[in-house]
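What follows is calculated from the coordinates using simple rules that are stated; it is not laboratory data. Bear in mind the structure is a predicted one, so any value in this text is a computation, not a measurement. Positions of Cβ are backbone-derived with ideal geometry, glycine not excepted, and every protein chain shown enters the neighbour counts.
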Amino acid sequence: MTTTRWPTRLWLVRHGQSAGNVARDLAHASGEHRIAIDIRDVDVPLSELGSAQARALGRWFARGEGNGRPDVLLASPYLRARETARIFRDAGGADADEKVCADERLREKEFGILDGLTSAGIRAVQPEQAEFRRLLGKFYHRPPGGESWCDVIFRLRSLMDTVSLHYAGREVMIVAHQVVVLCLRYIIENLSEAEILAIDKAGDVANCSVTEYVHDPDAGKDGGLVLARYNVTAPVDEDPVAETTSAPDAMVAARG
């Protein structure tokens, strides 16, 4: 008898709207060079709307709309992701005693010297980095002290090895960040640079949206995870209180 290497179902969720997302929108609207955040990115909490989005997501899963409920909750150590996972669980998305396990490999992409700069700020304060990014593209450009998308992918390959080793046959949810969701798609679906950047260019990953994979024993020689749905906003769209948002992450300086 063949045993699966992968979870039965894997959900990828971007955290709810954060206070940093709000500050970023204000900075871009007013043409500022820097986002007005005076705390570490790791400590940026959910906004009030972000908390409502996480509750909406939990209620949606509690109603059975999520195609099951996770029995493993993995989250980025960043406060906004941990808060999203906790509020989701407490709203009925998972059992009340389910522990939220933080994994540092799920952290936000690190921006180094570009941290906190808007697109205009990069061009004004770090014009050399703006040019490097134009030449190399966002997939390979690594700002000093920061990461490229490839660097994020390196650590997420290790994360997926852990998921395979410890959570085979389980129902797993990962709560993290926009770039993490996209890079996990790149890994799981064996995409090319061009393919994942085209998905990114088509639109932002919405806050508290659901990307779902299902194990298919006929996918490859040993079975594999097959995409069932991507960037589904129904949990928030259908809620009478919450509102869908899909801005880039707070400290993402520029989009390509």
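Quick one: if the Förster radius is 45 Å, what FRET efficiency do Asp222 and Val125 give, using the C-beta to C-beta distance and rounding to 0.05? Show your work: numbers first, answer last.
Numbers: r = 49 Å, r/R0 = 1.09.
Result of the calculation: an efficiency of 0.40.
Between helix 79-88 and the chain, what is the angle of the helix's C-alpha long axis to the longest principal axis, kept within 0 to 90° and rounded to the nearest 10?
Once rounded, the angle reads 30 degrees.
Return the lysines within reach of Lys138: Cα separation strictly under 26 angstrom, same-chain partners fewer than 8 residues apart disregarded; answer none if there are no such residues.
Within the straight-line limit of under 26 Å, Lys138 reaches these lysines: Lys109, Lys201.
Taking only Cα atoms, what is the 0 to 90° angle, nearest 10, from helix 178-188's long axis to the longest principal axis of the chain?
Result, in degrees: 50.
On C-alpha positions alone, give me the angle between the axis of helix 19-29 and the longest principal axis of the chain, in degrees, nearest 10.
40 degrees
Rounded to the nearest 500 deg cm²/dmol, what is the calculated helix-only ellipticity per residue at 222 nm for the chain, with -39500 (n - 2.57) per DSSP H run of length n ≥ 4? Show your work: numbers first, answer last.
Values: 9 runs with 96 residues, N = 256.
Using -39500 (n - 2.57) per qualifying helix, the result is -11000 deg cm²/dmol.
Rg and Dmax of the range 200-241 over Cα atoms: what are they, in angstrom?
14.0, 46
List the residues whose amide H sits under 5 Å from the amide H of Arg34, counting only those 5 or more places along or on another chain, with H placed 1.01 Å from N in the peptide plane.
Amide H neighbours of Arg34: Thr118.
Using 7 Å Cα-to-Cβ label points, what is the Arg229/Ile39 separation (nm, one decimal)?
Taking the two extended label points, one gets 3.3 nm.
Considering only DSSP beta bridges where both residues belong to the chain, give the percentage that are antiparallel (nearest 5). List each step's numbers first, then the result.
Working: 14 of 27 bridges.
Bridges in the chain that DSSP calls antiparallel: roughly 50 percent.
Classify the chain as rounded, prolate or oblate, taking a ≥ b ≥ c as the square roots of the eigenvalues of its Cα gyration tensor: rounded when a/c is under 1.5, otherwise prolate if a/b is larger than b/c and oblate if not. Write out the running numbers ahead of the final one.
Working: a/c = 2.02, a/b = 1.33, b/c = 1.51.
Cα axes put the chain in the oblate bin.
How big is the dipole moment of the chain about its Cα centre under a simple scheme where the beta carbon of each Lys and Arg is +1, that of each Asp and Glu is -1, and everything else is neutral? Debye, nearest 20, please.
Values: 31 positive and 38 negative charges, 59 e Å.
Magnitude of the dipole: close to 280 debye.
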